[in-house]
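Accompanying notes for the structure given below.
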Amino acid sequence: MPGEFKTTDIPKRISLTSQVFAYIRKRMETGEWQDYLPSERSLCDMLQVSRPTIRTALHQLGKEGLLDIKRGRRSRLSKASKPPRNFKTRVVGLISHEPISTMPPVSLRGISRMREYLVEQGFSTVSLVCQHHSAPAKLRSIETFLRQNNVLCCVLVSVNKEIQQWFARHAIPSLVLGSCHPSVNLPSFDVDYRSVCRHAAGVLLRKKHTHIALVLPNSGIAGELASEQGFHEAFKPHHGAGELNPVVVRHTGTARNITTRLDALFNSDRPPSALIVAKPWHVFAVIIYLLKHGLSVPEKVSLIARDQDLRFSFVEPAIAHYQFKSDMFERRLSRFIVKLISQGGLSREPQLIFPDYFEGGTVSLPPA
């Protein structure tokens, strides 16, 4: 009868196991894994699901004859599940030293838009966070990651010198999202942190500040080293002026360590009257420290943020910082990754982008 309700009309709920099953099977069909699947632990990290869920999905794939499963060993692809030998992989690897979700908003939005574009073009992305302490362990994890996922090319997100050198040495198509170390010759795309920090220090010098500190992570990443270089370059025209006291404060990134380093800085014989702070979340840690110690901004201490965060404009006074117009960063990053995929490589000339300075209200003359 017209309008009659049937139980078959009710939308079916897809279980998490079914979703995992479909995801793994799809990637097996497209040739993104060769011979063996990643380990159960790697699949858990990749898909953010429990090991029992992974095992149930693998068991179902085994029942369908797509996997050869042996206890205590990684699951091997059966002959029926392997793609033709002339199949070209469509996987882009993202390798970083920290989870992508913790990166500065500009980088996070750029990576998110890049991944969306790749999906639209039929590509998929897989991520690896290199959190091992030793360089050999990091490089071994990268080799395993590349072999298991059979990637077409890689985006290296603010990785250290050893990883950059490894990719250059093995001639693996890649783009450094960040700056290259001087000894590395790879395509790169980054904010011009050297010029940003030189400009920020210049702003404070023109406001008659003489004791200025640059606060940034002690990561050894090329962008942080470029920041230090630009910061010191701002003082070169004033060489010989005995009053100037530029200081670089390196920290581990934790609130406790930032507090410890600031304690040493402000308890010194020459405490700063101005700060330039890298990383948005560190800016707020620094401001809370200053407020707790009665150092109001900008009356007692002026402050400029090196990076961009939407929240900087929604506080009073607005925090001085550097920002991009619209989606400039995202569009340029997407164009670079398209060229990398289509051409198999990019120009080695560093591609740098300089943001606009937002004056805000956190910079003033030093206290009398």
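I'm trying to understand the selection: among the residues of the stretch 102-136, which are under 16 Å from the mean Cα position of the chain (by Cα) and of a type in the set (A, V, I, L, M, F, W, C)?
M103, V106, L108, I111, M114, V126, L128, V129, C130
Looking only at the stretch 253-274, how many residues end up being modelled with pLDDT of 95 or more and either under 22 Å from S107 (Cβ atoms) or among the acidic types (D, E) (or both)?
2
Within the stretch 121-137, how many residues turn out to be under 26 Å from Y193 (Cα atoms) and either at pLDDT 85 or above or crowded, with 18+ Cβ neighbours inside 10 Å (or both)?
Number satisfying all stated conditions: 4.
Can you name the condition, by its number, that S158 falls short on among (1) in contact with a helix residue (DSSP H, G or I) (Cβ under 7 Å, 6 or more places away or on another chain); (2) at negative phi?
Only one criterion is unmet by S158, namely (2).
Quick check, is G253 surrounded by fewer than 19 Cβ atoms within 10 Å (Cβ to Cβ) and of a type outside the set (D, E, K, R)? Can you show your working first?
Details: surrounded by fewer than 19 Cβ atoms within 10 Å (Cβ to Cβ): yes; of a type outside the set (D, E, K, R): yes.
It is true that G253 is surrounded by fewer than 19 Cβ atoms within 10 Å (Cβ to Cβ) and of a type outside the set (D, E, K, R).
Criterion first (under 30 Å from E40 (Cα atoms) and over 17 Å from the mean Cα position of the chain (by Cα)) does L139 satisfy it? First the steps, then the outcome.
Working: under 30 Å from E40 (Cα atoms): yes; over 17 Å from the mean Cα position of the chain (by Cα): yes.
So L139 fits the description; yes.
Collect the residues in the stretch 138-175 that are closer than 22 Å to M103 by Cβ, free of Cβ contacts under 8 Å to residues at least 24 places away in the same chain and among the hydrophobic types (A, V, I, L, M, F, W, C), keeping them in residue-number order.
F167
Every residue in the stretch 196-218 that is surrounded by 18 or more Cβ atoms within 10 Å (Cβ to Cβ) and either polar (S, T, N, Q) or closer than 16 Å to E243 by Cβ (or both), please.
Hits for the stretch 196-218 are A201, L204, L205, H209, T210, H211, I212, A213.
Inside the stretch 296-368, counting only strands (runs of 3 or more DSSP E) that do not spill past its ends, which hold 1 or more residues that are polar (S, T, N, Q) and more than 24 Å from the chain's Cα centre (by Cα)? Give the steps one after another, and end with the answer.
On the way: elements: 302-305, 320-323, 351-353, 356-358.
Counting at least 1 such residues, we get 302-305.
Can you confirm whether F354 is without any contact (Cβ under 8 Å) to a residue 24 or more places away in the chain, of a type outside the set (V, I, T) and surrounded by fewer than 18 Cβ atoms within 10 Å (Cβ to Cβ)?
On the way: without any contact (Cβ under 8 Å) to a residue 24 or more places away in the chain: no; of a type outside the set (V, I, T): yes; surrounded by fewer than 18 Cβ atoms within 10 Å (Cβ to Cβ): yes.
Considered against the rule, which asks whether it is without any contact (Cβ under 8 Å) to a residue 24 or more places away in the chain, of a type outside the set (V, I, T) and surrounded by fewer than 18 Cβ atoms within 10 Å (Cβ to Cβ), F354 comes out as no.
Among the residues of the stretch 341-350, is there at least one that is outside the structural domain of Q229 (by TED's automatic domain parsing), of a type in the set (G, A, S) and free of Cβ contacts under 8 Å to residues at least 60 places away in the same chain?
Yes - at least one qualifying residue is present in the stretch 341-350.
Against the definition (touching a helix residue (DSSP H, G or I) at 6+ places or on another chain (Cβ under 8 Å), buried (at least 17 other Cβ atoms within 10 Å of the Cβ) and charged (D, E, K, R)), how does E224 come out, yes or no?
Yes.
The values are calculated or read from the model by the stated rules, or taken from the named source; none is laboratory data. What you are looking at is a predicted structure, and each value in this text was computed from that prediction instead of being measured. Here the Cβ is made from the backbone with ideal geometry for all residues, glycine too, and neighbour counts use every protein chain on show.
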